[in-house]
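The values are calculated or read from the model by the stated rules, or taken from the named source; none is laboratory data. Bear in mind that the values here come from a model prediction, so they are computed numbers and not experimental data. Cβ placement follows ideal geometry from the backbone for every residue including glycine, while neighbour counts extend to all protein chains displayed. For the accessible areas, the whole protein counts, side chains as well, though only heavy atoms, and no ligand, DNA or RNA atoms are used. Shrake-Rupley method; radii C 1.70, N 1.55, O 1.52, S 1.80 Å.
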Amino acid sequence: MQSALSELPAGVQKVPADAPVDYVIRLLKRDGGVFVSGLVSAGDVEKAYDECRERLDNDMEWDGNFFPKETQRAPGLIGLSTTYTKTQLMNPLYHAVCDHFLTTRSWFWWGDERKESVSKPYVHSCVALRIGPGGKAQPLHRDDYIGHNIHDEVQEWDDTRDMCRETAVGLFVAGCKITKQNGGTAFIPGSHLWGTDRKNPPDVNLCQHAEMDKGDAFIMLASTFHGGGTNSTKDEQRLMFSTFVTRGYLRQEENQFLAVAPEKARQYPREVLEYMGYSLSDPACGTVEQMDPIYAILPELKSEAKYKDF
Ligand SMILES: O=C(O)CCC(=O)C(=O)O
Ligand SMILES: [Fe+2]
């Protein structure tokens, strides 16, 4: 795998939406980020915007420097936009990438039996971000600081050593044409390999900007240093949909059980509910009444419920 990484074309790549998953994964291991053109149709992006625009318009100002006052947010997107949920959160390419980086496999002794557990990834956060004219750049950060992820410095990705390195993967979808000028996300290619204990702060001069057409996407490992850019335009709003997925046994950034009303959640197919966290993380995280939480949100399934070993 390592020799394969060195054969990749130089620089952060933009791949078509039907690119092989394997290729996208290899690019992420080398660069920490990869662009995907036309991942979502312009029509679906516009529809998703319509469905969350009111929340964006009515957002409160952030008190602090993580977001400039010109940035408005629409969190809890699953509750606001079925189009976003269907066309972005549940995107098959994104899921395959998340499955690769965020599935956790472990084995344990259970008496004299050797038990294997596989914990699958689930939703971390779902928010639309609109940076208005004049909005200043965010401080460069790693989104996995949220989950206290500490990194060793490495030269190159190693599949065995780095199996558990990442705790989250992001999907940024352009809601409009995104340029460096209107606040395209700044990121440092390769910074996912950096150690936490580097002496110097991340240098903005190493940044590249995520410039995308409406419906294009940027998939990014959460350990990559990045931040919303400065919107230096007079009249452009930069709209981007941001999704993160995390390991099944870690706490969600955005609590989906409270962020999305149960009556709204119930309108989604079971696979969406499971991705939100209405499912067990093997062996036994997330139970309700010591069973899979799906029975709590879909009580009509209760007749099939029974206690089981973990
Ligand atoms: O707005 C952006 O481009 C990035 C936002 C971000 O990094 C964050 O909210 O953590
Ligand atoms: Fe971030």
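A few comments on the model shown:
- One residue alone among 15, 34 is at pLDDT 95 or above and buried (at least 20 other Cβ atoms within 10 Å of the Cβ), and that residue is 34.
- Total residues in the range 57-87, condition within 18 Å of residue 253 (Cα to Cα) and open to solvent by less than 40 Å² (accessible area, probe 1.4 Å): 8
- Being within 27 Å of residue 24 (Cβ to Cβ), touching a strand residue (DSSP E or B) at 6+ places or on another chain (Cβ under 9 Å) and either open to solvent by 50 Å² or more (accessible area, probe 1.4 Å) or free of Cβ contacts under 8 Å to residues at least 40 places away in the same chain (or both) holds for only one residue in 274, 236, and it is 274.
- Residue that is nearest to residue 104 (Cα to Cα), among those in the range 153-177 that are open to solvent by 40 Å² or more (accessible area, probe 1.4 Å) and among the polar types (S, T, N, Q): 160
- Subset of the range 120-135 (residues that are within 16 Å of ligand 2 (Cβ to nearest atom), in contact with a Gly (Cβ under 7 Å, 6 or more places away or on another chain) and open to solvent by 20 Å² or more (accessible area, probe 1.4 Å)): 129
- Screening the range 91-119 for residues that are among the aliphatic types (A, V, I, L, M) and surrounded by fewer than 17 Cβ atoms within 10 Å (Cβ to Cβ) and picking the one that is farthest from the chain's Cα centre (by Cα) gives 118.
- Check on residue 216, surrounded by fewer than 19 Cβ atoms within 10 Å (Cβ to Cβ), under 26 Å from residue 68 (Cα atoms) and either under 19 Å from the mean Cα position of the chain (by Cα) or not small (Gly, Ala, Ser) (or both): no
- The C-beta contact set for the range 175-188 (first residue closer than 15 Å to residue 33 by Cβ, second residue surrounded by 24 or more Cβ atoms within 10 Å (Cβ to Cβ) and aliphatic (A, V, I, L, M), distance under 6 angstrom, 6+ apart or interchain) comprises 178/212; 184/178; 184/210; 185/210.
- Filtering the range 32-54 to residues that are in contact (Cβ under 8 Å) with a residue 40 or more places away in the chain, touching a strand residue (DSSP E or B) at 6+ places or on another chain (Cβ under 9 Å) and not hydroxyl-bearing (Ser, Thr, Tyr) leaves 32, 33, 34, 35, 36, 38, 39, 40, 45, 48, 52.
- Check on residue 138, buried (at least 18 other Cβ atoms within 10 Å of the Cβ), within 15 Å of ligand 1 (Cβ to nearest atom), over 15 Å from the mean Cα position of the chain (by Cα) and among the polar types (S, T, N, Q): yes
- Count of the range 138-153 residues, restricted to those that are within 12 Å of ligand 2 (Cβ to nearest atom) and touching a residue at least 12 places away in the same chain (Cβ under 8 Å), is 8.
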